[in-house]
Each structure stands twice: as structure tokens, then as C-alpha cells.
Amino acid sequence: SAGDLVIGAIGTVQRFKGAIDDLRLYGRALDVSEIFGLYDGEVPLPGVPQLVAPANGAASVIVPEVQFLWLASEFVLGYQLQLATDHGFSQIVLDTETSDISFGTDVLLADTDYFWRVRSLNTGGSSD
């Protein structure tokens with residue numbers, strides 16, 4: 001609806017006390033990279049993603065096609081998924097980046113133990 005735009009107040013109640021040195025109005029929501037581009041301070045490190053599936057120690061995973069799934073984190077531009085045949089990740093068989101919270105692959109072999117991890121990425125660094 002048309003009307004006066006009031007910034008820092010609701011009706012007659014003052015909510016904002018101070019000065020605004022920069023005000024920009026957008027006709028759409030900004031994506032994460034656009035917000036970070038406007039931010040002059042230090043970009044916060046992204047949150048650590050929580051792994052969902054396949055579950056730790058899962059023995060009934062159907063290969064070769066497996067879908068990896070994790071929960072979204074804050075302040076994220078993307079994710080790095082690593083898949084290895086050893087717990088120390090010295091034998092990495094897959095190392096990829098994605099902006100999604102899931103990734104499907106067909107590189108797995110039957111009767112092989114795999115370990116996987118995901119870290120969040122942004123311009124400030126990674127969640128490690």
C-alpha cells in the first residue's frame with residue numbers, strides 16, 4: 001500500500017536513536033554474496049554444517065549412487081564436500097564444492113569403507 005516510509009519508528013514510538021550514514025532500499029531480497037559485498041567489517045566465519053545422511057557408521061548404503069545431505073549453516077556462500085577411504089582424509093576420492101546442502105555421487109565402490117565431511121565456505125574463510 002502507498003504511504004509514508006518511516007525508518008526507525010513504528011507509529012509515534014521511536015525505535016532508532018543515532019545517525020544513519022548510508023541507506024539503500026532494494027526492491028528484492030539480497031543474496032548472501034551481495035550482503036557481504038556491502039559489509040565493511042570483518043566477514044564472520046560460516047557456521048559448521050551438521051551432517052545428516054548417510055549416518056555415521058551406516059552399513060546399508062546402496063552403491064554406486066549415494067546422496068550426501070547436511071543442514072545449512074549461517075553466513076555461507078558454499079560448501080566443500082570431501083570423501084575419503086581413511087579417517088585421516090589422506091586418501092581423498094572426492095573433493096568438490098557446491099552451493100547446495102546435498103550432493104549425489106556415483107564414485108563409490110561396494111565393500112569399501114568411506115568417510116565424509118563437509119565444511120562451510122565464505123569470503124572470510126571456512127568453518128573447518
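A short reminder: the numbers here are calculations on the coordinates, not readings from a lab. Keep in mind the model is a prediction, meaning the values are calculated, not measured. As a convention, Cβ positions derive from the backbone with ideal geometry for all residues, glycine included, and neighbour counts pool all protein chains shown.
Would you please give the FRET efficiency between D86 and V52, computed as 1/(1 + (r/R0)^6) with r the Cβ-Cβ distance and R0 = 22 Å, to the nearest 0.05?
Efficiency for this residue pair is about 0.50.
If each Cα of region 30-124 is one equal point scatterer, what is log10 of I(q)/I(0) from the Debye formula at q = 0.18, 0.22, 0.25 Å⁻¹?
These q points yield log10 I(q)/I(0) values of -0.82, -1.10, -1.33.
Applying the Karplus parametrisation 6.51 cos²θ - 1.76 cosθ + 1.60 with θ = phi - 60° to the phi angles of region 71-87, what ³J(HN,Hα) value in whole Hz is obtained for each residue in order, glycine and proline being reported as x?
Rounded to whole hertz, the list is 8, 5, 10, 7, 6, 9, 9, x, 10, 10, 9, 10, 10, 9, 9, 9, 5.
Roughly how large, in nm² to one decimal, is the mean projection of the convex hull of the alpha-carbon atoms in region 71-128? Each step should come with its number before you reach the end.
Working: hull surface 17.3 nm².
Mean projected area for region 71-128: 4.3 nm², to one decimal.
Net charge near G78, counting Lys/Arg +1 and Asp/Glu -1 over other residues with Cβ under 14 Å of its Cβ? Before the final figure, lay out each step's value.
Numbers: positive: R119; negative: D31, E74, D95, E97, D100.
So the surrounding residues net to -4.
Mind giving me the FRET efficiency for R24 and T98? R0 is 30 Å, r the Cβ-Cβ distance, nearest 0.05 is fine.
Details: r = 30 Å, r/R0 = 1.01.
The value I calculate is 0.50.
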